[in-house]
Structure formats: structure tokens, C-alpha cells
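One structure coming up, written as C-alpha cells, with questions to follow.
Throughout, read-outs are computed from the coordinates displayed, never taken from laboratory work. A quick note: this is a predicted structure, and the numbers were derived from the prediction, not measured. Counting neighbours? That spans all protein chains shown, and the Cβs are built from the backbone with ideal geometry, glycine included.
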Amino acid sequence: VSTTAGPNQNRPFLDWYLIPEAYSAPLVEQALARFAVPPGAVVLDPFAGSGTTPVTAALQGRAGLAVEVNPFLAFATRVKSTFTYDLAALRRDLEEVRRRAERAAANPNGALGEGPAMPRLTRWISPLVVRRVLAVRAEVEAVAHPAHRDLCRLALAAVLRPASNMRLSPHAFGSRVPREDAPVGEWFVQRLEKMERDIREHAGRPDLGRVTLLNRDARALAEVVHNFPPVDFAMTSPPYLNNLDYTMQTRLELFFLGFVRSMSELRALRRAMVVSDAKAMYRDVPDSARVRDVPGVQAVARALAERFRGRGWGWDYAFMATQYFGGMLRMLEGVFCWLRPGAHFVLVLGSSAHGGVLVPVPELVADLAERAGYRVEGIEVLRVRRSSSHGHRLAESALVLRRPL
Ligand SMILES: C[S@@+](CC[C@H](N)C(=O)[O-])C[C@H]1O[C@@H](n2cnc3c(N)ncnc32)[C@H](O)[C@@H]1O
């Protein structure tokens, strides 16, 4: 089964909004079958991203429990897993907003106000496209029904990246040939039509599960577990230790939809994320201290420090690694408390390499999991990527854990 988001395209609800590093719904379906997760069971994803785990679980009749720190992604998952609407009212509202938005986007001349305070906005998206987006946004914000408005917001969010100059892939981002203009109105209308079709086709299905969303830091779960039912199965793909700023993937969405209004708000969000980027590290986040006595992690940190000693860059990769693994340990401990005894937890993890130093992430996380009390049932290689820069073969693996009975 593919690990990438490819198979989620053209699937109901799942394809409403995707991030490049989303994993595949079939991977989740396969795991639900393999671990015999029964209908109605609670399925947790502590790094839910665009919601592949909870949305797939709900479509398969399980209850989803999603933790995600990025407020826009938490919003996207909530909208993707809301299945019940008054269909007549929905049709009326969406028809109206589609008509108005298409007209407004075609002639974005009115007083629309400024674009968002996103740094270097016009590098990422052309001024004309910004005006078209703002024109659609004004129509979206005028929709009175909150759930209908949220559908429209997500449809607009899904149009932003294709309409921009941003080129994203699962492990990189950059800019492409600048796009002066884009059919924002038409794309918005098409998105919304697809969404309405999916809702209509699934209306009245009694077996669809409910999804509960927690917009919070997965390293601080112990404080909330007692408010929720025990978890029967957990599955996730954590951030990869690949030195990329994960907030870049949703930068346009965060700013245009108003989830983040300034750089200081963006920094606050980064602070609440597991460290995976040396450009976004905070000395006072105490995660490294948690892995001080873990020989495997310390050996990797020493190798990284040695490799980059005296260089102008990379000198802080050792700290990045210890912060990352400390954060993962905190998440593992929280999920452990939440799992029913005997329940499985599957993590899709990728190894990485920095300056030729291989970081065997699945093996190191398995070691941390044992320390947190799990039994390690296996590390199963899903695919192997060859890194262009140093020739290491980087495995992407499923780490299978179980809370002992
Ligand atoms: C690889 S993505 C998950 C993709 C997801 N499986 C999907 O299909 O969309 C990892 C996610 O972890 C989130 N994340 C990072 N640090 C977090 C934290 N401390 N608590 C909760 N979520 C976090 C990121 O915002 C990102 O969405």
C-alpha cells in the first residue's frame, strides 16, 4: 500500500484539503482491518495533520480522536469530518455563494482591504491573485450559517496553494515560475461543488463515526486524557526530522483565513510544535532533558555535533535531534496513558540524514517507546528512498507498538 497522499485524491471528504506530507487512507484502512479494530472503537491520531486517520476511521464506522497543534489543520479536519447537514438549506446557501464568489473573483475591484500580514506575501502569491482571493473571501465571510461558512472557508483554503507560486512536496518547498493570475473563482466553485456532492452522497448513512478534535500540543496529553474515553487504537505519522519548517506547508492558509495574524503568532505556533527544524528552536522548551540518559539518541547527537564542528551551518543539528526525540518521548507517554491495555499504536516514521550522518528514527523511537512502557511488536519497512545528497538509503517504516495487557 502506498504511504503517500496520492490514493486520497478523488476520495469523498478526504480530498477536500490535503497537505503534501499526508499519508494514505488505504494504509489506515488496512491497519483497522489488521488490528481488528471493531465498529464504534475510538481511534486516536496525536499528529492528525489534514485528518487522514480520523476521517478514514469515521468513514469506516469508528470514532475519530484527533490532536493537531496547527489551528488551520485542526479546522480542516473538523470540516472534513462533519457529515450532517440540512441538505435543502445547504444547497440554497452554496448556490448563492458560488454565484456571488465567481462574479466577485472575476472583477475584484471593490474596496477589499489589505492582504494578510504574511512576510514576503507577493513572493508567494501575485497581487492580482490576492485581490481575487480577497474578493471571494468577502463573499464567504458573508455566509450566515456557521457550518456552511466553514465549508466555504475550506474550499477557499484548498484553492490558495494551486493559485500561488508555492511549490510543495512532502520533504521540500520552494517557489516555481511566478504565476501572475489564476482562476480563483472557478476553482473555488469546483471545490465547493465536489464537497456538496460528497455530503449529499453520504447523507443519512447511520454508520459514519464522530470525530473529536483537540487543537493542542501532543506533548502535553496527560493533562487531558481523563476528559475522554480510552483509546482502542492509535495511528500517526509524526513530523519528520528533516529540518523543514512545517508551518510553511500551511502558511497561506493560516494567514488568509486569519488563524495567524502576525509573525509573533506564527512563532507561538512553532513553539508548540515538535522540533524538526533547526531554524525554529526554543532553548526554554525542555524536551532534550528527557533523552539525556538515552544512549542511542546521545550517540546520534554526538555524531551530528562532530560532523558540523567548526562549520557555519549545522552546528545546532545535535540540539535539533535531542529536542525532537525528547518531544517524541513526551507524546509516547501521553498516548500510553490514553490507550486501553492491549491496544496497538502504529507510527509511520522516516529515517533522515544530515551531512552524511544517518538518523535511524524508527529504531530510536522504538527504544523510547520501550522506555515509556510499550512492547515493540515490529518495525516494518514500507518503502526506501535514496537520498540524493549522500547515498544513504532512507527507510520509511511502520513501528508497531502495543500497550501490554
Ligand atoms: C506528517 S504530518 C501528519 C500528516 C497526517 N498523517 C495526514 O495524513 O495529514 C505531522 C503533523 O504533526 C503536527 N504537529 C507537529 N508538532 C505537533 C505537536 N506538538 N502537537 C500536535 N501536532 C503537532 C504538524 O502540524 C503536522 O500537521
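Taking other Cβ within 10 Å of each residue's Cβ, how do Cys152, Cys337 sort, fewest first? Numbers along the way, then the final one.
Details: Cys152 27, Cys337 15.
In increasing order of surrounding Cβ atoms, one gets Cys337, Cys152.
Can you give the net charge of the other residues whose Cβ lies under 13 Å from the Cβ of Tyr240, counting K and R as +1 and D and E as -1? Working shown, then result.
On the way: positive: Arg385; negative: Glu21, Asp245, Asp277, Glu396.
Once positives and negatives cancel, what remains is -3.
Using only the alpha-carbon atoms, what does the chain span along each of its principal axes? Please give whole angstrom values in decreasing order.
62, 53, 36
If you place +1 on the Cβ of every Lys and Arg, -1 on the Cβ of every Asp and Glu, and leave all else neutral, what size is the dipole of the chain about its Cα centre, to the nearest 20 Debye? Please report the intermediate quantities before stating the final value.
On the way: 53 positive and 41 negative charges, 136 e Å.
Value, rounded to 20: 660 debye.
OK, next. Among Gly373, Gly391, Gly49, which one shows the biggest mean-square fluctuation in a GNM of the chain, springs joining Cα atoms closer than 10 Å?
So, out of Gly373, Gly391, Gly49, the one fluctuating most is Gly391.
Divide, for segment 197-236, the radius of gyration over alpha carbons by 2.2 N^0.38 Å, where N is the residue count.
Numbers: Rg = 14.7 Å, N = 40, 2.2 N^0.38 = 8.9 Å.
Output field value: 1.65.
What is segment 233-283 by shape, rounded, prolate or oblate, if you read a ≥ b ≥ c off the alpha carbon gyration tensor as root eigenvalues and call it rounded for a/c under 1.5, prolate for a/b larger than b/c, and oblate otherwise? Mind dumping the intermediate values first?
Numbers: a/c = 1.97, a/b = 1.32, b/c = 1.49.
In terms of gyration-tensor shape, oblate.
I've got another one for you. Identify, among His145, Pro178, Leu160, the residue whose Cα sits farthest towards the positive end of the charge dipole of segment 127-206, taking +1 on the Cβ of Lys and Arg and -1 on the Cβ of Asp and Glu, with the dipole about the Cα centre.
Of the listed residues, the answer is Pro178.
Moving on to the next point. Which of Ile199, Ile125 has the fewest other C-beta atoms within 10 Å, and how do the rest follow up to the most?
Values: Ile199 20, Ile125 24.
Starting with the residue having the fewest Cβ neighbours, the order is Ile199, Ile125.
Sticking with this structure for a sec: Given the C-alpha centroids of segment 130-156 and segment 182-253, what is the distance between them in whole angstrom?
19
While we're on this one: Would you list the membrane-span-like helices of the chain, meaning whole DSSP H runs whose alpha-carbon atoms span at least 18 Å along their axis and whose mean Kyte-Doolittle value is at least 0.0?
Working: long enough: 87-106 (28 Å, -0.73); 127-141 (21 Å, 0.67); 146-163 (25 Å, 0.42); 184-201 (26 Å, -1.02); 295-308 (20 Å, 0.30); 317-338 (32 Å, 0.69).
Result, helices passing both filters: 127-141, 146-163, 295-308, 317-338.
Sort Lys279, Lys194, Lys80 by Cβ crowding within 10 Å, fewest neighbours at the top.
Numbers: Lys279 10, Lys194 16, Lys80 26.
In increasing order of surrounding Cβ atoms, one gets Lys279, Lys194, Lys80.
Name the shape class, rounded, prolate or oblate, that the alpha-carbon gyration tensor gives for segment 240-384, where a ≥ b ≥ c are the square roots of its eigenvalues, rounded holds for a/c under 1.5, and otherwise prolate holds if a/b is larger than b/c and oblate otherwise.
Numbers: a/c = 1.74, a/b = 1.16, b/c = 1.50.
Note, shape of segment 240-384 comes out oblate.
Could you give me D for segment 21-82, from Stokes-Einstein at 37 °C and 0.692 mPa s, where the hydrodynamic radius is the Kirkwood radius over C-alpha pairs? Units µm² s⁻¹, please.
On the way: Rh = 11.5 Å.
The diffusion coefficient I find is 287 µm²/s.
Determine the sum of side-chain charges near Arg91: Lys and Arg each +1, Asp and Glu each -1, restricted to other residues whose C-beta is under 12 angstrom from that of Arg91.
Details: positive: Arg92, Arg98, Arg197, Arg200; negative: Asp86, Asp93, Glu95, Glu96, Glu193, Glu196.
So the environment of Arg91 carries a net charge of -2.
State whether segment 67-148 is rounded, prolate or oblate according to the following rule on the C-alpha gyration tensor (a ≥ b ≥ c being the square roots of its eigenvalues): a/c under 1.5 gives rounded; otherwise a/b larger than b/c gives prolate, and the remaining case gives oblate. Display every interim value, and only then the final one.
Numbers: a/c = 2.93, a/b = 1.24, b/c = 2.37.
Here segment 67-148 falls in the oblate category.
Over all distinct alpha-carbon pairs, what is the Kirkwood Rh of segment 184-304 in angstrom? Don't skip to the end; give the middle numbers.
Values: mean 1/r = 0.0532 Å⁻¹.
Kirkwood hydrodynamic radius for segment 184-304: 18.8 Å.
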